[in-house]
1. What number of residues within region 181-204 satisfy the criterion of being in contact (Cβ under 8 Å) with a residue 40 or more places away in the chain and more than 23 Å from A53 (Cα to Cα)?
2. Can you name the condition, by its number, that D151 falls short on among (1) in contact with a Phe, Trp or Tyr (Cβ under 8 Å, 6 or more places away or on another chain); (2) modelled with pLDDT under 95; (3) under 19 Å from L188 (Cβ atoms)?
3. I need the full set of residues from region 60-85 which are under 17 Å from Q13 (Cβ atoms) and in a strand (DSSP E or B), in order please.
4. Within region 111-130, take every residue that is buried (at least 20 other Cβ atoms within 10 Å of the Cβ) and more than 13 Å from G348 (Cα to Cα) and give me the one that is nearest to the ligand (Cβ to nearest atom).
5. Contact list please: Cβ distance under 8 Å, first residue in region 350-369 and closer than 20 Å to L305 by Cβ, second residue of a type in the set (S, T, Y), pairs at least six apart or on different chains.
6. In region 343-369, which residue that is part of a strand (DSSP E or B) and not hydrophobic (A, V, I, L, M, F, W, C) is farthest from G125 (Cα to Cα)?
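The values are calculated or read from the model by the stated rules, or taken from the named source; none is laboratory data. The shown structure was predicted, so the numbers you read here are calculated from the model rather than taken from an experiment. All Cβ positions, even for glycine, are placed from backbone atoms using ideal geometry, and neighbour counts span all protein chains on display.
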Amino acid sequence: MTTADRAAAAFQQVYDRAPTGIWSAPGRVNLIGEHTDYNDGFVLPFALPYRIAVAAAPREDGVLAVGTLGVDGNVQHADPFPIADLEPGVVPGWAAYPSGVAWVLRSQGITGGADLMVAGDVPAGAGLSSSHALECAVALALLGLAGLSPDGDEASSPTRQEIARWVQRSENDFVGAPTGLLDQTASLCCVEAHALFLDVRSGKSEQVHFDAAAAGLEVLVVDTRASHSHTDGGYGARRAGCERAAEILGVPALRDVEVTELTETLARLPEDLRPLVRHVVTENDRVLQTVDLLHANRLGDIGPLLSASHASLRDDYRVSCLELDVAVDAAMAAGALGARMVGGGFGGSAIALVPVGLHSDVEKSVFAAFAERSLPKPRLFTAVPSKGAGQDR
Ligand code: GLA
């Protein structure tokens, strides 16, 4: 059964009618370009084959009802809430994510109530954007019920990037996580067999062909099972530091600092801000170098850039943690060409670029390193660039 089928079946059972439609959105990994999005910089994510599906039908009373199908087969219900009364802070827990989307769409004139049923297989809390997948699927569902689709021809059809910005607003202002545009854009705009090269400032993007298997390689994801959160201060503190540095330097964002001017630029900053700036500026440069290598069909040469990204996130940006470092080091020791943490950090997942023949060596090495430190067993899977969000039926 696909996640869409599971969402549809649970919808029928709980609401005693068929859904009007089913929409779904994927989780993502970011190949490179971490903590650059809110600095107006560059990112290079691709979508995972794991998705969150939302079965939906309209309601006449302006109320949003959300149920979510757990892995145990039980449905958890959020308290039904009138969309007209949604305000930041009024909806606790996981239901804040779908409610925030309804809240932001209300400001776009989309006010109709809906019954929603959520089912998915994006690992939660793994730094693979399960919450963004949920938000993007809910956004497409509520838009779809209002007769709007990002793929529609009508002049009123919102673009995928517009929807990504709405979803970001719901997350920033309703859920209270000061995140950037990376995850929503990845979930909405990625396509199969490609990574999405996005210039966050201009909104310009390019689908860059990414076929690891053709190069005899794979991108292995290590979900460390160390939990993380972007509402608890560490993420916001880094972001505030970047904004303060840009202000001192008199530039709109750290994107405007050239890597060739880094040494002189750092000298103009207080010591505590220098590592943050060094990370962002060098990371933007690594994204551009990675894209150049992919354009030159040299996927096998991007490994050192991935590893340099990890070192920078660990030592300068200081958002790694024991589990992520153990995963990266163990993968490298077993022959990975490069490895790095992905997402916001403080837990979640790492990726490793691995020759196909070394898959089981890397896996064994990672399991052994975790066992040696008595860390819970991580979950490993191979990530293949998959399609972005859309209507399933
Ligand atoms: C989280 C945020 C993104 C981005 C990454 C770090 O995933 O949601 O906006 O800032 O962290 O690159």
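1. 6
2. (1)
3. Result: A65, V66, G67, T68, L69, V75, Q76, H77.
4. The first filter runs over region 111-130 and keeps only residues buried (at least 20 other Cβ atoms within 10 Å of the Cβ), leaving 113-120, 122, 126-130.
Pick out the ones that are also more than 13 Å from G348 (Cα to Cα) and you get 113-120.
Working: G113: 29, A114: 25, D115: 28, L116: 22, M117: 25, V118: 19, A119: 23, G120: 17 Å.
Restricting to residues being buried (at least 20 other Cβ atoms within 10 Å of the Cβ) and more than 13 Å from G348 (Cα to Cα), the top hit is G120.
5. Pairs that qualify, where the first residue is closer than 20 Å to L305 by Cβ and the partner is of a type in the set (S, T, Y), are A350/T224.
6. The initial filter retains those residues of region 343-369 that are part of a strand (DSSP E or B), namely 349-355.
Pick out the ones that are also not hydrophobic (A, V, I, L, M, F, W, C) and you get 349, 355.
Details: S349: 9, P355: 28 Å.
Looking at the filtered set, the residue picked out is P355.
Results for (1) buried (at least 21 other Cβ atoms within 10 Å of the Cβ); (2) within 16 Å of the ligand (Cβ to nearest atom); (3) polar (S, T, N, Q); (4) in contact (Cβ under 8 Å) with a residue 24 or more places away in the chain, shown as yes or no for each residue.
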residue: R244; (1), (2), (3), (4): no, no, no, yes
residue: A253; (1), (2), (3), (4): no, yes, no, yes
residue: E261; (1), (2), (3), (4): no, no, no, no
residue: L269; (1), (2), (3), (4): no, no, no, yes
residue: D272; (1), (2), (3), (4): no, no, no, yes
residue: L276; (1), (2), (3), (4): yes, yes, no, yes
residue: N284; (1), (2), (3), (4): yes, yes, yes, yes
residue: D292; (1), (2), (3), (4): no, no, no, no
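Rundown of residues vs (1) at pLDDT 95 or above; (2) crowded, with 23+ Cβ neighbours inside 10 Å; (3) in contact with a strand residue (DSSP E or B) (Cβ under 7 Å, 6 or more places away or on another chain), yes/no style:
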residue	(1), (2), (3)
M1	no, no, no
A8	yes, no, yes
P19	yes, yes, yes
G27	yes, yes, yes
E34	yes, yes, no
N39	yes, yes, no
P45	yes, yes, yes
A57	yes, no, yes
